[in-house]
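The values are calculated or read from the model by the stated rules, or taken from the named source; none is laboratory data. Everything numeric in this text was worked out from a predicted model, so none of it was measured. FYI the Cβ positions are ideal-geometry reconstructions off the backbone, even for glycines, and counts take in every protein chain you see. Protein only, heavy atoms only, side chains kept; ligands, DNA and RNA dropped before computing areas. Shrake-Rupley method; radii C 1.70, N 1.55, O 1.52, S 1.80 Å.
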Amino acid sequence: MKLGSLKYGRDGRLIVVSGDLTRMVEATSIAPTMQAALDNWDDLHHRLLELSQQLEIGAVASAAFDERLCAAPLPRAYQWLDGSAYVNHVALVRQSRGAEIPKSFWTEPLMYQGGSDSFLSPREPIVGDKAWGIDFEAEVAVIVGDVPMNPTREQAAAAIHLIVLVNDVSLRIVLMQEIKKELGFVHSKPSSALSPVAVTPDELGDAWDGGRLHLPMLSFLNGSPFGMPNAAVDMTFDFPTLIMHAASTRRLSAGTLIGSGTVSNRDVDGGCGRPIAEGGLGYSCIAELRTVETILKSEISPYLEYGDVVSIEMKDAAGRSIFGCIEQEVVEFRS
């Protein structure tokens, strides 16, 4: 089942979308918003699934699905907790600074709490000042139901209701100043963008193993392939582990998003990844490319410029888009 939100007020209007992303039907008679559906998931998801099945066989009146009309599936959420499940990414960034990673990074996830009061729609521009070091980060995230404090692995896995793609917009130059304060990210992490639809785990078939998504994360910069690392490979901590970590000392409310962090793969020889143009899998953010360039002492690529367009997508084994496409232009902020 694929769910989305049409732009409407602060929280959108809930829709069910066909598997091929061509048709949609409003689901507001079942739940007015995505959050309302998540709040009452046990009672409502069967009705949403039935509507989805009717849509697939043409048994219900529908309309053409247009990703440009979509808000984020959850336009605002109670909580956004972003992990760093790909320790390879962390290790590379630290290596460029001449620092080793603590051994604990391999046994306990890193995680920060970001702003979730306003997620960008999949076509909404990234507005900022290029002097801030604007970057994208292609990630996978899960949307959970209610999670008890200190859950078992089984409880954490069962709480995963939906899966979505994320562009975790990052301001790298601002971020370096915040890291020095040793508290947390605020100014360097503006609103993230979500894919047009969120999907239930069963929609992914064998690509979803209960904790990892075994498909390439595709990113493009100005239409050129930038990254295609597999989201399951080199994922040190799977999603149930991230959920258990997030809920170790507190409950999580339905509608909380848990992010994977930047998808990152090592090269086939175990070293740092290579650009797609050189036969590698590329990267899911510019910062990782710059890190590799620093290590190899090559020319350093710039962060995003005004007018640049970032696209993020994931396709199934048959080449069909699963979540729709995040496509954002970088626009200069003018006060």
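Values for this structure:
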quantity: Residue match in region 187-199 (condition: at pLDDT 95 or above, surrounded by fewer than 19 Cβ atoms within 10 Å (Cβ to Cβ), closer than 24 Å to residue 21 by Cβ and touching a helix residue (DSSP H, G or I) at 6+ places or on another chain (Cβ under 7 Å)); calculated: no
quantity: Qualifying residue in region 212-230 (condition: out of contact with any helix residue (DSSP H, G or I) (no Cβ under 8 Å at 6 or more places or on another chain), open to solvent by 30 Å² or more (accessible area, probe 1.4 Å) and assigned to a helix (DSSP H, G or I)); calculated: no
quantity: Any hit, region 41-62, residues being acidic (Asp, Glu), over 24 Å from residue 190 (Cβ atoms), at pLDDT 95 or above and outside any helix (DSSP H, G or I); calculated: no
quantity: Condition check for residue 191: among the polar types (S, T, N, Q), closer than 28 Å to residue 67 by Cβ, within 16 Å of the chain's Cα centre (by Cα) and not in a strand (DSSP E or B); calculated: yes
quantity: Filter result for residue 313 (under 21 Å from residue 170 (Cα atoms) and of a type outside the set (Phe, Trp, Tyr)); calculated: yes
quantity: Number of positions in region 234-282 that are outside any helix (DSSP H, G or I) and more than 16 Å from the chain's Cα centre (by Cα); calculated: 25
quantity: Evaluation of residue 98 against (1) closer than 21 Å to residue 236 by Cα; (2) modelled with pLDDT under 95 (one fails), failing number; calculated: (1)
quantity: Enumeration of residues in region 14-39 that are assigned to a loop (DSSP other than H, G, I, E, B), within 28 Å of residue 317 (Cα to Cα) and open to solvent by less than 10 Å² (accessible area, probe 1.4 Å); calculated: 18
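A quick yes/no check of all residues on (1) in a strand (DSSP E or B); (2) in contact (Cβ under 8 Å) with a residue 60 or more places away in the chain; (3) not acidic (Asp, Glu):
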site: 68; (1), (2), (3): no, no, yes
site: 85; (1), (2), (3): no, yes, yes
site: 88; (1), (2), (3): no, yes, yes
site: 91; (1), (2), (3): no, no, yes
site: 100; (1), (2), (3): no, no, no
site: 118; (1), (2), (3): no, yes, yes
site: 124; (1), (2), (3): no, yes, no
site: 131; (1), (2), (3): no, no, yes
